[in-house]
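**Student:** Take a look at the following structure, please.
The values are calculated or read from the model by the stated rules, or taken from the named source; none is laboratory data. Values in this document were obtained by computation on a predicted structure and should not be read as measured data. Glycine gets a Cβ as well: all are built from the backbone with ideal geometry, and neighbour counts include every protein chain shown. These accessible areas exclude ligands, DNA and RNA; they are computed on the full protein's heavy atoms, side chains included. Shrake-Rupley method; radii C 1.70, N 1.55, O 1.52, S 1.80 Å.
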Amino acid sequence: METSAGTNPETQAALDADRLHQPPDPVDDTGANTPNMGGGLPVIQYWAEHTLSPEGPKLWQALTHKSACLSCAWGTGGQKGGFTNEIGEKMQRCMKSVEAISAEIQPPVPPQFFEQHSLAELQQLTSMEADRLGRWSYPVIYRAGSSHYKRIDWQEIYAIAETAFRQPPERVASYSSGRSSNEAAYLLQLMMRTLGSNNLADCSDLCHAPSTVGLKQMFGSGTSMVSLENLKQADCVVLIGSNAPSNHPRLMNELIKLRERGGKVIVINPVIEVGLVKFASPAFPLKSLLTGSDIATLYLQLIPGSDVALFVGIQKSLIEQELIQSDYLAAHTEGWQEVVAYAEAADWDTLTTTCGIAQEEIAAAARMIGTSKAVVFAWAMGVTQHDNGVDNVYSIANTALLTGNAGKPGAGTMPIRGHSNVQGFGSMGVTVRLKQEIQQALEALLGRSLSRVPGYDTRALIEAADAGQIDTLICVGGNLYAANPDLTQAKRALGNIQTIIYLATKPNLGHFHGLARQNTIVIPVFNRFENPHKTTTESGNNFVRLNDEGKTHLQDADLISEVEFLTELAHRLHGTYPVDWRQLQDTKYVRQLIAKTIPGFEAMATIDETKTEFTIGGRIFNEPQFATPSGKAQMFVTPLPTLALPSLEAFPVPPTTQSLVLSLITGRSYSQHNTVVYKPHDRYRGMPHRNCILMNPEDAKRAGFQEHQRVTVQGDAGKLENVEIIFGSVRAGSALMFYPEVNVLFTARIDKRCGTPAFKRVPVVVYA
Ligand SMILES: Nc1nc2c(c(=O)[nH]1)N[C@H]1C(S)=C(S)[C@@H](COP(=O)(O)OP(=O)(O)OC[C@H]3O[C@@H](n4cnc5c(=O)[nH]c(N)nc54)[C@H](O)[C@@H]3O)O[C@H]1N2
Ligand SMILES: Nc1nc2c(c(=O)[nH]1)N[C@H]1C(S)=C(S)[C@@H](COP(=O)(O)OP(=O)(O)OC[C@H]3O[C@@H](n4cnc5c(=O)[nH]c(N)nc54)[C@H](O)[C@@H]3O)O[C@H]1N2
Ligand code: SF4
Ligand SMILES: [Mo]
């Protein structure tokens, strides 16, 4: 096994002896043979090997449990069975779901483990090794000055937590990641806001916040306006900055079906992702599995960070080809004149050199969009993780509006959301941008106003902690440490916080590196299919799932549900104000409270009886009547980005003959879930281990590098050494590496309107 951080041999031996739960590897580990399509037989092989292995029965139990898939926000599973999508179609579970469940059904971390392994040893672990330690199954504490994590009992946990949360509300904060339930999310924000704190940082700050902010301003609603039914009526999909074959595999079924009915797919991505060219879906065993289905009709391999220039170019071409819908614009939008004027005035040379796409190709894309009947614009992190992420979103939605593709069936804007319940967290009020309606409802519940002190989003939280302004932090899931840019700062910042409480299912790097100044507590929690009570979640398409209660496979374990922990802590802090917190341990009452205070969730009040999963009201627009005060969509001019990279002199590198400044895309391999690595290699991109840089062969040639040469990659915050060069189809001038490891390299710029870091265009120098 390749380990980039170089685990010391002793730790490695101890860990191996303890049991590294390593499921059989279905694919070629060398990464040498890259497939010519995404999906395909390796996926079936993975399914077969896992479901027939000793873990098989547990896996099937989880797969068939009536709950939403843990992995992505496409939202497969729920009351109609684990394999069913939102409109009742079967066979919708993908391999990523199996991957996620396999990690959850690992054996527990053994009872004596933390006595035998010091923190120093644990800090040597890679992400994958940390995950493979097993499931957290009893609570532990790390006290400053100690060498080991130690078991702790519940009385002491509550005593420490209660004291910690009695600090001034501005100095208390939470962070959350979108895997927990709506009920846990709702309780978290209610507990925090009752304390007087708005510090509700969430992983969405690092993710789709630009979509939420941009779409809310334009349409009055920050989520997708497209339902799954609607997507089925589209005859064109523009897929921007998304690696859906890996991160939202079931979206690929929809693209295959769209192509089969004669529709078109325009892919906009600086990397040629093999699965976006051709994808073989197990859902179409005869038609597609062996030969693969064509996905992209047109693939625009733009320069990273230049999406605004490309979309203004498309707008300009739509105007030139007389394909804009002036009647629609006049009737249903505001601000369109400025957007049209800006595109008209833009200079073709500037547009094409900024985005690196020829005018003819831009014109072809415009023609496809302008002549299709119903176009869906879908996007993910390639759009949002930039310092102009909100502009990217505006420019896409402007293009939708110019062609009348918002507010009709089969068309609209569709951010492809990340974590399986990240959108639910936002809906429940876990956000620093609380909707006014929710604020009013909560103020009525509390009988007083909420604090007006603005809350810290994720980056602001790290900055505040770095400045010594945070005493207490509760993390409901996630890996705050490794998800952030500049890991040195993240570690230092967390180290300034007196008390950190992590609620988690599995160990991750954050539990060993993100340590508090005084006490770090890790509380083991049930996952979605194990909770002793019902929960709900929300998909990226605004569909609310009801998840049945379940059981854990962990024997003699001391786990708690997130809901139980949060209500007990809130009870100790707030008594019975403004609600009887302990009564809320029956989650039915939380759902009733949600129905009363969260707009669009009225059906939640009776979901326990009706078992009817539902689409949230007021979000899917089938008519061009939007949720803005005027009912019209608001359009905004999007300034073109300036994409110059710093020169070599800006980096602290030794004099060298061979070097190259590149813009680095950081993202996910085909075998990881965010900061959690499942397999070291990425077979679809031909990267045999984590410590690789995917580079354009022309760039390499220019700097005199060979493939497989080992180089140093240096950013403004740190460097990674011994990085192997792998040639791939990445746009010249850019390169790709994997997070979380790559987060040591840089301090990211952020888009100030939403706090989201520019993870996708990181200036680095590569040198021999
Ligand atoms: N299996 C699996 N599923 C997941 C996750 C996971 O880690 N593993 N994570 C979940 C989460 S939280 C999220 S947010 C999503 C992430 O899903 P994605 O957004 O698909 O994930 P990324 O790996 O960040 O890939 C972003 C894509 O954007 C492209 N890109 C980079 N820069 C640019 C640019 O400037 N412009 C354009 N147009 N494209 C660009 C990259 O080449 C890449 O193909 O997936 C969710 N689902
Ligand atoms: N360089 C770079 N950095 C990035 C990104 C990037 O593309 N590039 N992407 C960003 C994005 S889009 C995101 S969303 C963030 C992700 O950031 P996070 O959401 O903070 O990180 P995850 O790795 O998803 O968190 C995984 C951990 O969640 C815990 N967990 C899993 N299920 C549950 C549960 O049911 N309950 C509880 N309590 N805990 C659970 C487990 O302990 C697991 O180890 O990373 C961001 N960071
Ligand atoms: S597409 Fe997403 S939600 Fe559906 S099964 Fe796959 S990982 Fe789960
Ligand atoms: Mo995300």
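**Student:** With 21 Å as the cut-off, how large is the P(r) tail for segment 422-575, expressed as percent of Cα-Cα pairs?
**Tutor:** Value for segment 422-575 (Cα pairs over 21 Å): 57 percent.
**Student:** Another question, if that's okay. Tell me, what % of the accessible area of segment 289-376 is carbon and sulfur with a 1.4 angstrom probe?
**Tutor:** Carbon-and-sulfur percentage of accessible area, whole number: 51.
**Student:** If R₀ is 60 angstrom, what is the calculated FRET efficiency for the pair Lys90 and Thr657, using the beta carbon separation as r and rounding to 0.05?
**Tutor:** 0.50
**Student:** If you restrict to DSSP beta bridges whose two residues both lie in the chain, what percentage is antiparallel, to the nearest 5?
**Tutor:** Given both bridge residues lie in the chain, the antiparallel proportion sits at roughly 40 percent.
**Student:** Rg/Rh for segment 209-419 to two decimals, with Rh computed the Kirkwood way over all alpha-carbon pairs.
**Tutor:** 0.95
**Student:** Give me the one-decimal nm value for the distance between modelled label points at Arg166 and Lys588, 7 Å along each residue's Cα-to-Cβ direction.
**Tutor:** Reported label-point gap for Arg166 and Lys588 is 3.6 nm.
**Student:** Shifting gears a bit: Would you please give the FRET efficiency between Gln359 and Ala331, computed as 1/(1 + (r/R0)^6) with r the Cβ-Cβ distance and R0 = 25 Å, to the nearest 0.05?
**Tutor:** Using R0 = 25 Å, I get an efficiency of 0.20.
**Student:** Then there's this: When the Cα centres of segment 177-221 and segment 655-716 are compared, how far apart do they sit, in Å?
**Tutor:** A separation of 33 Å, based on Cα centres.
**Student:** Using a 7 Å offset from the Cα along the Cα-to-Cβ direction at both Thr606 and Gln706, what is the distance between the two label points in nm, to one decimal?
**Tutor:** The two pseudo-label positions are separated by 7.3 nm.
**Student:** With just the Cα atoms of segment 644-767, tell me how far they stretch along each of the three principal axes, in Å, largest first.
**Tutor:** 38, 36, 23
**Student:** Provide the gained length on full extension for the span Ala595 to Ala467, in nm with one decimal, where the gain is 0.36 nm per separating residue minus the Cα-Cα distance.
**Tutor:** 42.2 nm
**Student:** R0 = 45 Å: FRET efficiency of Ala557 with Thr747, Cβ-based, nearest 0.05?
**Tutor:** 0.65
**Student:** Given the -39500 (n - 2.57) contribution per DSSP H run of 4+ residues, what per-residue ellipticity at 222 nm results for the chain, rounded to the nearest 500 deg cm²/dmol?
**Tutor:** -9500 deg cm²/dmol
**Student:** Taking 20 °C and 1.002 mPa s as the conditions, I'd like the Stokes-Einstein D for segment 129-238 in µm²/s, using the Kirkwood hydrodynamic radius from alpha carbon pairs.
**Tutor:** Once the numbers are plugged in, D ends up at 117 µm²/s.
**Student:** State the percent of C-alpha pairs, over all pairs in the chain, separated by a distance greater than 53 angstrom.
**Tutor:** Counting pairs separated by more than 53 Å, the tail of P(r) holds 6 percent.
**Student:** Further question: Want the number for Ala48 to Ala644: 0.36 nm per residue separation, take away the alpha-carbon distance, what's left?
**Tutor:** Fully extending the segment from Ala48 to Ala644 adds 209.7 nm.
**Student:** If one puts a single equal scatterer on every Cα of segment 670-739 and applies the Debye formula without solvent, what log₁₀ I(q)/I(0) results at q = 0.12, 0.17, 0.21 Å⁻¹?
**Tutor:** Results for segment 670-739 at q = 0.12, 0.17, 0.21 Å⁻¹ read -0.31, -0.62, -0.92.
**Student:** Taking only Cα atoms of segment 42-98, what ratio of Rg to Rh do you get with Rh as the Kirkwood inverse-distance radius?
**Tutor:** On the Cα set of segment 42-98, Rg over Rh gives 0.96.
**Student:** So which of Lys278/Lys316; Lys257/Lys278; Lys216/Lys752 end up more than 21 Å apart by C-alpha?
**Tutor:** From the list (Lys278/Lys316; Lys257/Lys278; Lys216/Lys752), the Cα-Cα distance tops 21 Å for Lys278/Lys316.
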